[in-house]
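Heads up: the structure comes next, in structure tokens.
The values are calculated or read from the model by the stated rules, or taken from the named source; none is laboratory data. Source: prediction; values computed, not measured. Here the Cβ positions follow ideal geometry from the backbone for every residue, glycine too, while neighbour counts run over all protein chains shown.
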Amino acid sequence: MGDTLEDASPSMQETQRDETLTEHIGVWRATILISTCTLAMMANIACSVSISIILPVIGQDLRIPVDKLQWLISAFSLSSGCLLLLLGRLADIFGRKRFFLLGTAWLGVFSLGCGFAQNSTTLFILRGLQGVGPAAFIPAALGIMAEAFPPSRARSIAFATFAAGEPVGGALGVQLGAVLVQTTRATWRSPFFLFGGMSLMCVLGGMLAVDHDEPSAEAGKRVDWIGAFLVTAGLVLLLFVLGQGQLAPQGWRTPWDSFRAHSHDHRV
């Protein structure tokens, strides 16, 4: 008599689940899926942090005032953080693969656009639009891996590898970004080209490894648009204060009118 999965020991259960997973998705396909999601996380963090190391070069090249350079960091964080909940909900309803591919392609296209920007206004706008991509593909990637890997040792490896993409992406963005600025002819534009290419590689990996979206099984495919607006607006205001408060004369306690007057006087 063979033991069933319920009667087996925990280690045997994990082994049987891993074997079932291998038969279902395949080792190579699972490897590509994990690598693609991890690369997407690395591209997200690298795009977010690399800008901080190249701000002086951008400011000098595009003649951006020092008090405005912070917006190159804040614009990405605002759009990425504030739209995360809304786009995650939409991905659950309309398809995680669709949003993963759209998000990574979006990040890649607007990263390349940042690299070709010729003035500060264009770069500010593109940085804000660039952050929409991670807001779409990060929750989608989590849902894709949770669905592809049932509770098993393979799921633990998948999520551990995905989480490791954050510190690796941060180190890659800072170190490699600095090297590219110093050694390439394109200077500060080179990191944007690199991370744009990484994002477009994720599009290819997602097309190959991610299963087609199944129709949502939810009874009511409803989006709380009012709640989404309130949450987004609240996060925008909070992140704006945290990002710009350090530039105000009294920190986050400075009234808006005083902050505007201080910024005007600083420009003059």
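Structure values in brief
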| item | result |
| --- | --- |
| Members of the range 183-205 that are out of contact with any helix residue (DSSP H, G or I) (no Cβ under 6 Å at 6 or more places or on another chain) and either surrounded by 21 or more Cβ atoms within 10 Å (Cβ to Cβ) or closer than 13 Å to residue 50 by Cβ (or both) | 194 |
| Cβ pairs under 7 Å, 6+ apart, first in the range 151-173 and surrounded by 14 or more Cβ atoms within 10 Å (Cβ to Cβ), second of a type in the set (Lys, Arg) | 152/17 |
| Elements of type helices (runs of 4 or more DSSP H) in the range 52-151, at least 3 residues being within 30 Å of residue 30 (Cα to Cα) | 84-94, 96-115, 132-148 |
| Count of residues meeting criterion [buried (at least 19 other Cβ atoms within 10 Å of the Cβ), under 30 Å from residue 211 (Cα atoms) and among the small types (Gly, Ala, Ser)] in the range 96-127 | 3 |
| Any chance residue 141 is surrounded by 18 or more Cβ atoms within 10 Å (Cβ to Cβ) and within 19 Å of residue 34 (Cα to Cα) | yes |
| The range 43-54: number of residues that are surrounded by fewer than 24 Cβ atoms within 10 Å (Cβ to Cβ) and within 10 Å of the chain's Cα centre (by Cα) | 2 |
| Matching entry among 97, 68 (being more than 14 Å from the chain's Cα centre (by Cα) and over 14 Å from residue 125 (Cα atoms)) | 97 |
| Filter pass, residue 70 being modelled with pLDDT under 90 and in the same structural domain as residue 180 (by TED's automatic domain parsing) | yes |
